[in-house]
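These notes concern the structure reproduced below.
The values are calculated or read from the model by the stated rules, or taken from the named source; none is laboratory data. Computed from a predicted structure; not experimentally measured. Please note: Cβ atoms are built from the backbone with ideal geometry, for glycine as well, and neighbour counts cover all protein chains shown.
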Amino acid sequence: MSMGKKEAKRLVDLVLAQASFGDVRVRVTASTRGHLRFGAGCPTTAGDVDGVTVEVTASKDGRTATVTGSRTDEAAVAVLVQRAEGLAGLSPVDPEHMPPLSASKPPKVKAEDGAVKGMSAKVRADLVGRAIRRAEGDRVEVAGLLDHEHHAEAVGNRAGLFVYHARTEVSLSATCRTDDGTGSARGGYVSHALRGLVPEALVSDAATRASASQLPGKRDPGRYPVILTSQAVADLLEFLVHALDARRAGEGRSAFSRPGGGKGAGKGTGTLVGETLFDGRVHLWSDPTDPANPADPFEGEGRAQGKVDWVVDGELRALHASRYWADREKLPDLPTPSSLHMDGGTDELEALIAGFDRGVLISRFWYNRMLDPQRLLVTGLTRDGTFWVEKGKIVEPIRNFRFNDSPLSVLKKVVALGRPQRAGLSRGRVMVVPPLVVSEFELASGSDAV
């Protein structure tokens with residue numbers, strides 16, 4: 001379902017008009033999506049879906065309930081409001097309940113592309129056909145998914161808040177595998193715009209890595225110098241984004257907690273804000289208005305997303321927080337960011353490899369899980385092309401590893417940074433990061449997974 005700003009405002013007002021509580025909040029999302037899945041040299045499934053969701057949250061005396069529906073007529077939204085208000089009376093008191101936002105000024109973000117918004121089944125078929133033909137030319141089997149969406153969201157309440165944002169997104173993922181099953185690699189593209197999607201280039205890169213990864217040799221586990229592609233870096237930094245939480249840090253439950261906790265010492269208040277924790281070249285920030293890689297300008301409650309420097313010159317500058325915690329601790333009102341950018345250099349991955357003496361090239365990580373939040377220790381598996389490099393050249397493919405390491409350690413041990421680019425297999429949060437050369441990384445055990 002397509003929903004412009006006027007229609008969104010009309011629907012939000014329709015819901016709020018049914019309310020009897022003073023604190024009623026509405027979140028409306030509408031989307032038009034299409035997809036084409038492919039494998040074994042041909043399309044397999046396709047479809048188009050229109051949908052709308054109306055989420056009503058009612059609060060009174062600290063008691064809150066949320067009800068969700070998919071109808072937009074007056075009678076249906078009246079029922080939603082009645083149910084939310086009725087259930088709120090049965091809910092326990094939330095000691096951290098916050099009053100509704102009366103205003104929010106999210107930045108203006110241009111994130112709609114007409115080519116994505118109007119994408120037809122014919123365009124999908126052409127893009128997937130190009131991917132399949134390229135794989136046939138490269139003599140690999142390919143499977144993947146093309147997905148596109150036009151998404152609109154509005155948030156409003158009885159305190160006067162109303163914010164609206166619309167965006168498009170298109171993604172293509174493709175996994176290439178060799179006939180003998182020993183070589184595999186995956187590539188991806190994701191953006192608000194269609195113009196950067198070249199299926200042939202994406203598949204050709206994955207096919208090259210798949211063929212190069214055939215019949216991998218075995219290397220002992222250990223701590224090795226590594227080259228991490230942009231996708232591998234994004235896979236790790238996703239954990240860092242969640243860890244940049246002021247409450248967990250302030251309560252001593254985080255890698256960013258000040259030893260001993262509590263208020264006082266240093267520049268932070270129970271946290272390591274103000275401390276140099278990483279290599280001096282590390283600069284992490286978020287900016288939803290980035291024209292090449294726009295992101296959502298507000299989060300689910302309507303809080304504005306602005307440009308924020310999280311780490312500058314290796315120094316931790318900021319942590320995100322819930323409204324409750326930010327208000328209690330008198331912190332800046334910073335929600336969890338919708339994007340993450342990292343400074344880098346100008347070298348492409350090939351140049352980093354050429355300057356690398358000896359170690360492991362890792363294409364991406366998979367099945368990643370948190371091991372220890374207080375150390376931000378993460379585990380997972382390498383996948384889709386793991387190679388041994390010596391004297392600037394890829395010598396041989398090697399079997400995959402399970403790793404046990406931390407993005408904190410990675411950002412402390414940076415040797416070189418390449419050109420930042422958007423991680424094509426990272427969905428949800430916009431991740432624009434460089435490939436990295438890291439002096440040491442823990443590859444804890446071997447894995448026979450391809």
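Under the condition of being in contact with a Leu (Cβ under 8 Å, 6 or more places away or on another chain) and in contact (Cβ under 8 Å) with a residue 40 or more places away in the chain, which residue from the range 376-387 is farthest from ALA243 (Cα to Cα)?
If we take residues in the range 376-387 being in contact with a Leu (Cβ under 8 Å, 6 or more places away or on another chain) and in contact (Cβ under 8 Å) with a residue 40 or more places away in the chain, then PHE387 is farthest from ALA243 (Cα to Cα).
Considering ALA30, ALA88, ALA111, ALA125, which residue is among the aliphatic types (A, V, I, L, M), over 30 Å from SER173 (Cα atoms) and surrounded by 13 or more Cβ atoms within 10 Å (Cβ to Cβ)?
Every option except ALA88 fails the conditions.
Working only within the range 349-377, note down all residues that are in a helix (DSSP H, G or I) and among the aliphatic types (A, V, I, L, M).
LEU349, ALA351, LEU352, ILE353, ALA354
Okay, residues lined up against (1) part of a strand (DSSP E or B); (2) free of Cβ contacts under 8 Å to residues at least 60 places away in the same chain; (3) surrounded by fewer than 23 Cβ atoms within 10 Å (Cβ to Cβ); (4) not small (Gly, Ala, Ser):
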{"position": "VAL190", "(1), (2), (3), (4)": "yes, no, yes, yes"}
{"position": "LEU194", "(1), (2), (3), (4)": "no, no, yes, yes"}
{"position": "SER204", "(1), (2), (3), (4)": "no, no, yes, no"}
{"position": "SER211", "(1), (2), (3), (4)": "no, no, yes, no"}
{"position": "ARG223", "(1), (2), (3), (4)": "yes, no, yes, yes"}
{"position": "ILE227", "(1), (2), (3), (4)": "yes, no, no, yes"}
{"position": "GLN231", "(1), (2), (3), (4)": "no, no, no, yes"}
{"position": "ARG248", "(1), (2), (3), (4)": "no, no, yes, yes"}
{"position": "PRO259", "(1), (2), (3), (4)": "no, yes, yes, yes"}
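Kindly indicate which of VAL198, VAL155 is over 30 Å from ASP372 (Cα atoms), in contact (Cβ under 8 Å) with a residue 60 or more places away in the chain and β-branched (Val, Ile, Thr). So that I can check it myself, show each step before the final result.
Working: VAL198 fails: in contact (Cβ under 8 Å) with a residue 60 or more places away in the chain.
Result: VAL155 is the single residue among VAL198, VAL155 that is over 30 Å from ASP372 (Cα atoms), in contact (Cβ under 8 Å) with a residue 60 or more places away in the chain and β-branched (Val, Ile, Thr).
When ALA444 is evaluated against the numbered criteria (1) in a strand (DSSP E or B); (2) of a type in the set (A, V, I, L, M); (3) in contact with a helix residue (DSSP H, G or I) (Cβ under 9 Å, 6 or more places away or on another chain), which criterion, by number, is the only one it fails?
(3)
Could you list all residues from the range 407-437 that are of a type in the set (Ser, Thr, Tyr) and either modelled with pLDDT under 95 or out of contact with any helix residue (DSSP H, G or I) (no Cβ under 6 Å at 6 or more places or on another chain) (or both)?
Passing the criteria: only SER409.
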